[in-house]
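Below: the structure, in structure tokens.
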Amino acid sequence: FKPKLKLDKDGFLKITSKSKLNITKTRFDFVLNDNEMSFYSNKYQKKIIVSQKNLDLIIKLIFDGQFRNFLTLQTGFKYSVDFFGAYQNLHIPKKYIDKPWYANHYHLDKPNSKNMLKLFIPLSKISMNDGPLELIDFNQTKQYLVGDLGDVFLCKLNLCPHKAGVPKVGNKTNLVMVQLNPSTKWHVNENLYQRQFKKEPKFTSLTNKFVRRVRLN
């Protein structure tokens, strides 16, 4: 099992529950609990706002020492956790599919930092009917990031064209996305909770320049 070779070769890496990493044994579907605040960013996407307490817990569970070492080993970087989002993407009727409701058209995250890494965690099973992330890897092959609870995806989306897949009628995509930017030490952006209410920041080298970060222990 040599994930570094696959991440460098393909631009993405799927880590399954068969991995020995603690993160794949942890379930984050409690995010879907009705006690969490939520609102519709548009009529086809719901944003789930995780409480500060639960957000701190999730970051602690994801970025334990084992997973931080794993990421540094694979990429050569330590990171700042700069954005966290929990989403439910809904079916888009065909007559409205031409509009970009939730990044459902192919694009690159070009404005973001050169070595940005994105982490995706399914909050429920994501099959082909549930609108998986669609990605064109470095070999120009289309990939569908289907997965189950316990799976984790690492993606270089500033280099791989991608789009959010559209669920079939009656289905939803439930997932968490975390944006990571290279840092001298492992940090968490002090505005992580507040950023849930906004769009994911672009031009991260500029937007994060004057933001305080807290050391991730």
**Message:** Residue by residue through the range 211-217, what is 3J(HN,Hα) from phi via Karplus (6.51 cos²θ - 1.76 cosθ + 1.60, θ = phi - 60°)? Round to whole Hz and write x for glycine and proline.
**Reply:** 9, 6, 10, 10, 4, 8, 9
**Request:** Run the 1.4 Å probe and let me know the accessible area of residue 48, rounded to the nearest 10 Å².
**Result:** 10 Å²
**Request:** Tell me which residues come under 5 Å, amide H to amide H, from residue 113 once H is placed; ignore anything under 5 positions away on its chain.
**Result:** 204, 205
**Request:** Kindly rank 102-115, 124-137 from highest to lowest mean number of other beta carbons found within 10 Å of each residue.
**Result:** 124-137, 102-115
**Complete:** Over 30 Å (Cα to Cα) among 53/95; 47/168; 110/142 -> 53/95
**Prompt:** Per the Kirkwood treatment, what hydrodynamic radius in Å, one decimal, follows for the range 126-217 from the mean inverse distance over all distinct Cα pairs?
**Reply:** 15.5 Å
**Fill in**
Which residues qualify? For residue 80, with a placed amide H closer than 5 Å and at least 5 residues away or on another chain, they are 181, 183, 187
**Complete:** Under the rule rounded for a/c under 1.5, else prolate if a/b exceeds b/c, else oblate, using alpha carbon gyration tensor axes a ≥ b ≥ c, the range 79-132 is classed as oblate
**Message:** What Kirkwood Rh does the range 1-95 have if only Cα atoms enter the pairwise 1/r average? Answer in Å.
**Reply:** 15.8 Å
**Request:** State the percentage of accessible surface on the chain attributable to carbon and sulfur atoms; use a 1.4 Å probe and exclude ligands, DNA and RNA.
**Result:** 54 percent
**Asked** Among the lysines, which fall within straight-line cross-link reach of residue 20, defined as a Cα-Cα distance under 21 Å, with same-chain neighbours fewer than 8 residues apart omitted?
**Response** 2, 4, 6, 60, 78, 118, 125
**Request:** Counting helices only, and only those DSSP H runs with n ≥ 4, report the 222 nm mean residue ellipticity of the chain as the sum of -39,500 (n - 2.57) divided by its residues, in deg cm²/dmol to the nearest 500.
**Result:** -4500 deg cm²/dmol
**Prompt:** Percent relative contact order of the range 48-161, based on C-alpha pairs within less than 8 angstrom and at least six residues apart?
**Reply:** 25 percent
**Message:** Just want the answer: with Cβ charges of +1 for Lys and Arg and -1 for Asp and Glu, which residue in 107, 197, 170 is farthest toward the dipole's positive end in the chain?
**Reply:** 107
**Prompt:** Would you list 101, 186 from the most to the least accessible area, probe 1.4 Å?
**Reply:** 101, 186
**Asked** At 37 °C and 0.692 mPa s, what whole-number value in µm²/s does Stokes-Einstein give for the translational diffusion of the range 53-93, with Rh from the Kirkwood sum over Cα pairs?
**Response** 264 µm²/s
**Request:** Return a whole-number percent for the relative contact order of the chain, with Cα pairs under 8 Å and 6 or more residues apart as the contact set.
**Result:** 29 percent
**Asked** Just the accessible area per residue of the range 1-100, please: how many Å² with a 1.4 Å probe?
**Response** 55 Å²
**Item:** the range 55-70 - phi-based ³J(HN,Hα) in whole Hz, Karplus 6.51/-1.76/1.60, Gly and Pro as x
**Value:** 5, 4, 5, 4, 4, 5, 5, 5, 9, 6, x, 4, 6, 4, 5, 4
**Prompt:** Which whole-Hz couplings ³J(HN,Hα) result when phi for each residue of the range 171-178 is put into the Karplus expression 6.51 cos²θ - 1.76 cosθ + 1.60, θ = phi - 60°, listed in order with x for Gly and Pro?
**Reply:** 9, 9, 9, 10, 7, 10, 10, 10
**Item:** Amide proton proximity set for residue 38, modelled H, under 5 Å, gap of 5+
**Value:** 49
**Message:** Regarding the chain, what's the average projected area of the Cα-atom convex hull, expressed in nm²?
**Reply:** 11.4 nm²
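The values are calculated or read from the model by the stated rules, or taken from the named source; none is laboratory data. All of these numbers come straight from a predicted model, not from anything done at the bench. Positions of Cβ are generated from backbone atoms using ideal geometry, with glycine treated the same way; all protein chains shown enter the neighbour counts. Protein only, heavy atoms only, side chains kept; ligands, DNA and RNA dropped before computing areas. Shrake-Rupley method; radii C 1.70, N 1.55, O 1.52, S 1.80 Å.
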